[in-house]
Amino acid sequence: MRTLIRNSILFLVAFATVALLFDALFTRYVIFKVEHSNQGKVRRLFESTDPNEIPVFGSSKARSAFIPDSLGSGVYNYAMEKCNFDVIGFLMEVELAKPRNTAIVVEFNHRFFVNLPMHTVNAATFVPNLDLPGVKDYMKRMGRWEVRYELSGLRYFGSYQDYLRYSAREKNSKNKQLVRGAMLMDLVPSREVFANQLTARYIDIGKRSAIVSKLNDLKKGVSVDERRALQGLDLQLLFTGPAERIARFEELVASRPDRPVLLVYTPQHASEVEGIANYDEITALFAGLEKRHPNLHIFNYAKMPLPDDHFKNSSHLNNAGARAFCTSFRRDADVFLGPR
Amino acid sequence: MLFNSFQYLLFLPLVLVAFHLLPKQYRWVMLLGASCWFYMAFVPVYILILAFTILVDYFSGLLIEGSEGRRRKGWLIASIVANLGVLAVFKYWNFFNYNIGEVFRDLGFGYGVPDLGMLLPIGLSFHTFQSLSYTIEVYRKREPAEKHLGIFALYVMYFPQLVAGPIERAGRLIPQLRNAPPLEPEDVRYAINKILLGYFKKVVVADNLAVFVDQLFGHVPSGTGLQYYVVAFMFSVQVFCDFSGYTDIALGSARLMGIRLMENFDRPVWSGNLGEFWSKWHISLTTWVRDYVFKPWAAGKPRWAAGLITVAVFVLIGFWHGASWNFLIFGLLNGVFVVGQYRFAAIKWLKPFNKSRFGKVLWSVWTLHLVVFFSIFFRAADVHDAFAIIAHIFTDFRVSAAELQSGFFAEMAMGFVLIGLTMCTALFNRQLRFKYNWLYVVGMLVLIFLLGTDAQNQFIYFQF
């Protein structure tokens, strides 16, 4: 047994040494090799001193919608998957602390204010950037902090796949172009696949309205499973704007009256807007925000009519859709976007 | 506390050090404290339910042992009612309440009994069944009543198998808790290999497959029939790796204390019929049901009645999994096909075919498909979704260009690579000589580190 314990300790020491070495090499040669990766974008935002840069913050919808080349020479697309105000709030803090006074573009969608850091704050994005000021505190604030993130060799566990996927994916290909943070896809789904996606969405819309009508009808009962399903459906199909989060957003906007903030609701597939049961609340919010903040400008393209072949899937624009949107947006926001 | 959390990686070594440093007579105190800590990491107040079960069954055991005749039976019934009562309230109340309410409303009557607004206590069905098996065994005079309340509490609460089994029997576990055998190097090797295999199955295979599965099962029917067919397979593998991964970690953790828990799986994937599958899958539950429900119920009954009882038992197994129509149908389908396959295999002129190599392969493929199709009821959000998916598989089974472009097949290939890796690692583990075990350990650590997710998804079977 003694030999076993001794050998085990030796093994652990050797393994830890290899893990530390691997960690250092991986950080240097893989994690920050790709500029368009999420972690690369965060670092870039901190380090960028270009006085003409116009950052675009948003989710994957924004990543495939804002084409920097079509919008302006200073535009850089910082959008990341699953990103909403949980992350954008922090990125805005960083951006607003900079001396430049260019516009800030913020993509809006009906899930913008949902508070779901376990889903939206990806550790893989922030752990390699812990040396940057405020990142650790931010992760703690969002409840995404773990002690192991400070331990080399252990800190990237669970994120290696993300990094490797980025290394493999972040390359231009026949139907994919990467342009200053944006990822543009030429993909057009087949009619049947698109129809399936829409059917699934309409079924969800139908399910939600059926449960809501049961809830409103005192003569009908609603099971616990239905209530649980409703929570999930509300998350997808309802705009939620908690007062404290809207107030925080306004606080950020008001902190730099010299910097125009362009809040842009990108084009959505008609089925997506149709599904938002309280779309009126979004327009009311927009009206209120625009009234209270002279430096906040709303651009609502949610209902912009685009054919199905302008979508990569039922939620994201493809290259054709992005070009159509950017043409309109450039025209409408010309004054804020600088030279092309 | 989840096995796949960083906390557990600190918790287990601390418990092990304390366990091996303490004199044998005090170990149970430390283990009981650790088990309470482990369970209270979920929802602390639910420990009161466990305490209730422990006290009821501890005193029931003593009272059953000390009495005879009708009184003895009475104490057993009291224990069963108390245990099943806890299950009925916390697990099945809302289901029955809603369905009874629907009947009342359909008949035009008012119904205002409220639902229970509580989360299901984690692992309730597991520890209830484990505790119940003890009183039944005492009643049958196969086990003596445990006099030591602490040891009995530890039997119900022993943390490696507290929330998702294996459902142990008192005769196996209590003597080991009282006096664990000394740890041998072979135990350490077995334990480390098991724990690593368990983590590999959970954080590499199950949690990675969950991403594809959740995507399609979450929005029905957003994919083609082919996609759903593949994803149904993926889900079967996911649930196997999730549950058997948990069990492997449980077995390994316990073995590091010298305690041998029962194996819960015996390579169920390749089974010749559904009955065989169930004899290899979640063995501790199926043997529990066999010993305490099926045998007493079916003893002496004619063949047709035994068939009906088998179906009923499978419906119960389905309902054990969850209080919903999905699980009832899942159980019913399994029961009907177990009996049907058994009857079919008994047809005289088919016997030579059944025994041939081709026949065996065909039956195994058929069984695998049954398992996969029934698993759709296990995973789907409701019965409507489950039937919609099955209909979709049969009516929209095709490859589309968009799938090829979107990388669906690359993801699918990745899924199959993971499944292949699982099989290889399991085989490699069996073949390995002791002195080369470090190769296996290094390989598994590298795979877990590089391919693992830190989603910290709860184990699927925790909800039961």
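A few notes on this one:
- The stretch A:1-32 - residue that is surrounded by fewer than 14 Cβ atoms within 10 Å (Cβ to Cβ) and among the hydroxyl-bearing types (Ser, Thr, Tyr) and, of those, modelled with the lowest pLDDT: A:THR3
- Screening the candidates B:LYS194, B:LYS202 for the property of being within 19 Å of the chain's Cα centre (by Cα), within 14 Å of chain A (Cβ to nearest Cβ) and at negative phi yields one hit, B:LYS202.
- Test: residue in the stretch A:28-41 that is within 14 Å of chain B (Cβ to nearest Cβ), over 14 Å from the mean Cα position of the chain (by Cα) and not polar (S, T, N, Q): yes
- Qualifying position, being within 11 Å of chain B (Cβ to nearest Cβ) and among the small types (Gly, Ala, Ser), among A:GLY134, A:GLY221: A:GLY221
- For the condition more than 16 Å from the chain's Cα centre (by Cα) and surrounded by fewer than 22 Cβ atoms within 10 Å (Cβ to Cβ), B:LEU183 qualifies.
- The one condition from (1) aromatic (Phe, Trp, Tyr); (2) within 14 Å of chain A (Cβ to nearest Cβ); (3) part of a loop (DSSP other than H, G, I, E, B) that B:PHE42 does not meet is (2).
- For the stretch B:96-196, no helices (runs of 4 or more DSSP H) sit wholly inside it while including 3 or more residues that are in contact (Cβ under 8 Å) with a residue 12 or more places away in the chain, in contact with a Cys (Cβ under 7 Å, 6 or more places away or on another chain) and within 19 Å of B:TRP288 (Cβ to Cβ).
- For the stretch B:76-91, the criterion of a residue being within 14 Å of another protein chain (Cβ to nearest Cβ), without any contact (Cβ under 8 Å) to a residue 40 or more places away in the chain and in contact with a Leu (Cβ under 6 Å, 6 or more places away or on another chain) is satisfied by no position.
For every residue, the table says whether it meets (1) more than 24 Å from B:PRO268 (Cβ to Cβ); (2) among the polar types (S, T, N, Q); (3) touching a Pro at 6+ places or on another chain (Cβ under 8 Å); (4) at pLDDT below 65.
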site	(1), (2), (3), (4)
B:HIS392	yes, no, yes, no
B:PHE409	yes, no, no, no
B:GLN431	no, yes, no, yes
B:VAL446	yes, no, no, no
B:LEU450	yes, no, no, no
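- Within the stretch A:102-113, the set of residues being assigned to a loop (DSSP other than H, G, I, E, B) and within 12 Å of the chain's Cα centre (by Cα) comprises A:ASN109, A:ARG111, A:PHE112, A:PHE113.
- Filter result (under 21 Å from B:LEU119 (Cβ atoms) and buried (at least 17 other Cβ atoms within 10 Å of the Cβ)) within the stretch B:55-90: B:ASN83, B:VAL86, B:LEU87, B:PHE90
- Boolean, B:LEU16 is of a type in the set (A, V, I, L, M, F, W, C) and free of Cβ contacts under 8 Å to residues at least 12 places away in the same chain: no
- Which listed residue, of B:TRP288, B:TRP281, B:TRP304, B:TRP320, is over 21 Å from B:GLY123 (Cβ atoms) and of a type outside the set (S, T, N, Q): B:TRP304
- Residue in the stretch B:18-27 that is in a helix (DSSP H, G or I) and of a type in the set (Gly, Ala, Ser) present: yes
- The condition (being among the β-branched types (Val, Ile, Thr), closer than 28 Å to A:ASP225 by Cβ and at pLDDT 90 or above) is satisfied by just one residue among B:VAL339, B:VAL365, B:VAL372: B:VAL372.
- Looking only at residues of the stretch A:250-270 that are closer than 14 Å to A:ASN109 by Cβ and among the polar types (S, T, N, Q), we find that the one that is surrounded by the fewest Cβ atoms within 10 Å (Cβ to Cβ) is A:GLN268.
- Total residues in the stretch B:16-47, condition among the polar types (S, T, N, Q) and modelled with pLDDT under 90: 1
- Single match in A:PRO99, A:PRO128 (criterion: surrounded by fewer than 18 Cβ atoms within 10 Å (Cβ to Cβ), at pLDDT 90 or above and farther than 26 Å from A:PRO242 by Cα): A:PRO99
- Any hit, the stretch A:84-103, residues being of a type outside the set (A, V, I, L, M) and within 14 Å of another protein chain (Cβ to nearest Cβ): no
- Residues of the stretch A:1-21 classified as facing chain B (nearest Cβ under 8 Å) and under 17 Å from B:ILE448 (Cβ atoms), total: 3
- The set of residues from the stretch B:280-301 being without any contact (Cβ under 8 Å) to a residue 12 or more places away in the chain and within 13 Å of the chain's Cα centre (by Cα) comprises just one member, B:THR287.
- Residue within the stretch B:368-382 that is in a helix (DSSP H, G or I) and either within 13 Å of chain A (Cβ to nearest Cβ) or over 30 Å from A:GLU192 (Cα atoms) (or both) present: no
- A:TYR149 meets all of the listed conditions (1) over 12 Å from the mean Cα position of the chain (by Cα); (2) within 14 Å of chain B (Cβ to nearest Cβ); (3) under 23 Å from A:GLY232 (Cβ atoms) but one, namely (3).
- Pick from the stretch A:185-211, criterion in contact (Cβ under 8 Å) with a residue 60 or more places away in the chain and more than 18 Å from B:PRO221 (Cβ to Cβ), ranking: nearest to the other protein chains (Cβ to nearest Cβ): A:LEU187
- Residue match in the stretch A:247-264 (condition: within 30 Å of A:ALA195 (Cβ to Cβ) and in a loop (DSSP other than H, G, I, E, B)): no
- The stretch A:37-70: number of residues that are in a helix (DSSP H, G or I) and touching a strand residue (DSSP E or B) at 6+ places or on another chain (Cβ under 8 Å): 7
- Among the residues of the stretch A:280-321, the ones that are closer than 20 Å to A:LEU184 by Cα and surrounded by 15 or more Cβ atoms within 10 Å (Cβ to Cβ) come to 17 in all.
- Neighbours by Cβ (under 8 Å, 6+ apart or cross-chain): first from the stretch B:306-335, outside any loop (DSSP other than H, G, I, E, B); second charged (D, E, K, R): B:GLY307/B:ARG343; B:ILE309/B:LYS301; B:TRP325/B:ASP382; B:ASN326/B:ASP382
- Pairs with Cβ under 8 Å, 6+ apart, first in the stretch B:338-352 and in contact (Cβ under 8 Å) with a residue 40 or more places away in the chain, second loosely packed, with under 14 Cβ neighbours inside 10 Å and of a type in the set (Asp, Glu): none
- Residues satisfying the stated conditions in the stretch A:188-199, i.e. surrounded by fewer than 17 Cβ atoms within 10 Å (Cβ to Cβ) and modelled with pLDDT under 80: A:SER190, A:ARG191, A:GLU192
The values are calculated or read from the model by the stated rules, or taken from the named source; none is laboratory data. Just so we're clear, the structure is a prediction, and the values are computed from it rather than from any experiment. Ideal geometry is used to build each Cβ from the backbone, glycine not excepted, and the neighbour counts take in all protein chains shown.
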